[in-house]
Amino acid sequence: MILSNSTLMAFVATTDSGRAKDFYTRILGLRLIADEDFALVFDAHGTMLRVQKVASFQPHPFTALGWQVDDIDTAVAALNAQGIEMLRVPGLPQDELGIWAAGDQAKVAWFHDPDGNLLSLSEFPREAAVEEAAAEYDVDKVDEVALALLYFSLGDYRAWKGMDWSISNRLYEKGWIENPRNKNKSFVLTEAGREACIRFFNQHFGKG
């Protein structure tokens, strides 16, 4: 198909760009890429979200944007702590947090952005085997191997990005790379990170 290998972009609108910028960055935690003349541009975990600056518009009554989360109860609680309440839908059975449990065991909650755009959170059931496997892996070993694989693109202290954000955030927290949440296309390794990169590469992949 024509667009099967193309990158999807998402769009919503705002009549108050300052208010929208605060909501999507401070409340939702998205990274602002640019504040352009006609739109705010955010990085939504690899998807470009463009919040268009308009003079007026009527929000749709259906979901405009949605996020799949691993733990919807935790996500809703975090939004509640920021003063964001979930939408109550008449006739729809929702728990005390405003979460609806669908018949296929999926869970959904809705809330509005400051312009009235309807946003959603969804948690889908995971296979027990997948959950068991995820619970058993060694996070530290994953981090070591992830850092070791940067060796293939390692220059002086830079290596190309290309891994899950959760892993890169842990590498940052361990002091091996500088903050990965920037516009650069490569990671910047610290002195300790560069030494660990080479050490882990030899440890996990060396023939000696």
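The values are calculated or read from the model by the stated rules, or taken from the named source; none is laboratory data. Keep in mind it's a predicted model, so treat the numbers as computed, not measured. Counting neighbours? That spans all protein chains shown, and the Cβs are built from the backbone with ideal geometry, glycine included.
For the reader, a short list of remarks on this structure follows.
- Verdict on Glu191 being exposed (fewer than 12 other Cβ atoms within 10 Å of the Cβ), modelled with pLDDT of 85 or more and under 24 Å from His45 (Cβ atoms): no
- Leu79 surrounded by 12 or more Cβ atoms within 10 Å (Cβ to Cβ), touching a residue at least 24 places away in the same chain (Cβ under 8 Å) and within 22 Å of the chain's Cα centre (by Cα): yes
- Hits in the stretch 101-116 (condition: buried (at least 17 other Cβ atoms within 10 Å of the Cβ) and either free of Cβ contacts under 8 Å to residues at least 60 places away in the same chain or not in a loop (DSSP other than H, G, I, E, B) (or both)): Lys107, Val108, Ala109, Trp110, Phe111
- Within the stretch 68-112, the set of residues being among the small types (Gly, Ala, Ser) and within 20 Å of Asp22 (Cβ to Cβ) comprises Ala75, Ala78, Ala81, Gly83.
- Verdict on Thr14 being loosely packed, with under 13 Cβ neighbours inside 10 Å and either in contact (Cβ under 8 Å) with a residue 12 or more places away in the chain or within 21 Å of the chain's Cα centre (by Cα) (or both): no
- Test: residue in the stretch 166-173 that is part of a helix (DSSP H, G or I) and either of a type in the set (A, V, I, L, M, F, W, C) or modelled with pLDDT under 70 (or both): yes
- Pairs with Cβ under 6 Å, 6+ apart, first in the stretch 163-191 and not assigned by TED's automatic domain parsing to the domain that holds Val145, second surrounded by 17 or more Cβ atoms within 10 Å (Cβ to Cβ) and at pLDDT 80 or above: none
- Test for Gly29: is it outside the structural domain of Arg181 (by TED's automatic domain parsing), out of contact with any Pro (no Cβ under 6 Å at 6 or more places or on another chain) and on the phi > 0 side of the Ramachandran plot: yes
- All positions within the stretch 37-71 that are under 22 Å from the mean Cα position of the chain (by Cα), part of a loop (DSSP other than H, G, I, E, B) and farther than 19 Å from Phe111 by Cα: His45, Gly46
- Residue check, Glu85 surrounded by 12 or more Cβ atoms within 10 Å (Cβ to Cβ), within 25 Å of Tyr24 (Cα to Cα) and modelled with pLDDT of 95 or more: yes
- Within the stretch 107-138, the residues that satisfy the criterion of being modelled with pLDDT of 95 or more and among the hydrophobic types (A, V, I, L, M, F, W, C) are Val108, Ala109, Trp110, Phe111, Leu118, Leu119, Leu121.
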